[in-house]
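Just below is one structure, and these are the notes that go with it.
We did not get these values from a lab; they are worked out from the coordinates using the rules stated. The shown structure was predicted, so the numbers you read here are calculated from the model rather than taken from an experiment. Here the Cβ is made from the backbone with ideal geometry for all residues, glycine too, and neighbour counts use every protein chain on show.
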Amino acid sequence: MKSIANVFLSIVSAGLAVPAIAQEQPSPALTAPMAEVAPAKAGDVIYDKAGKVVGTVESVEGQNAVISTGAGNATIPLGALTSGSKGLTIGIPKAQLESAIQNASKGAKQ
């Protein structure tokens, strides 16, 4: 479970929108209309913004989706997925997601 948390933190630090828990004033990013969360189910293909395949949804667990890139799995918030022209879209390319998976795996082994 530690590696899943590390991947999630890596993805969050990569710039995906995740709401802050406590702030004195709401940030403009939180008050702006958010993209509609796309429904995800096992077997769905995930694309990046350029339309390239990132991976597939292995499962949906609560508000998170487990995505397999072929090199590993990452648990991401469903809010990170939007509907694109080809289907479900995530805001980072496959290489960046796989890098986050590798970094989380290295951290879990230490």
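Tell me the label-point distance for the pair residue 41, residue 105, using the 7 Å Cα-to-Cβ offset, in nm and rounded to one decimal.
Placing both labels 7 Å beyond Cα along the Cβ direction yields 3.0 nm.
Determine the sum of side-chain charges near residue 45: Lys and Arg each +1, Asp and Glu each -1, restricted to other residues whose C-beta is under 13 angstrom from that of residue 45.
+1
Which of 99, 85 comes first, and how do the rest follow, when ranked by fewest Cβ neighbours within 10 Å?
Starting with the residue having the fewest Cβ neighbours, the order is 85, 99.
Neighbour counts of other C-beta atoms within 10 Å: give me 78, 88 arranged from fewest to most.
In increasing order of surrounding Cβ atoms, one gets 78, 88.
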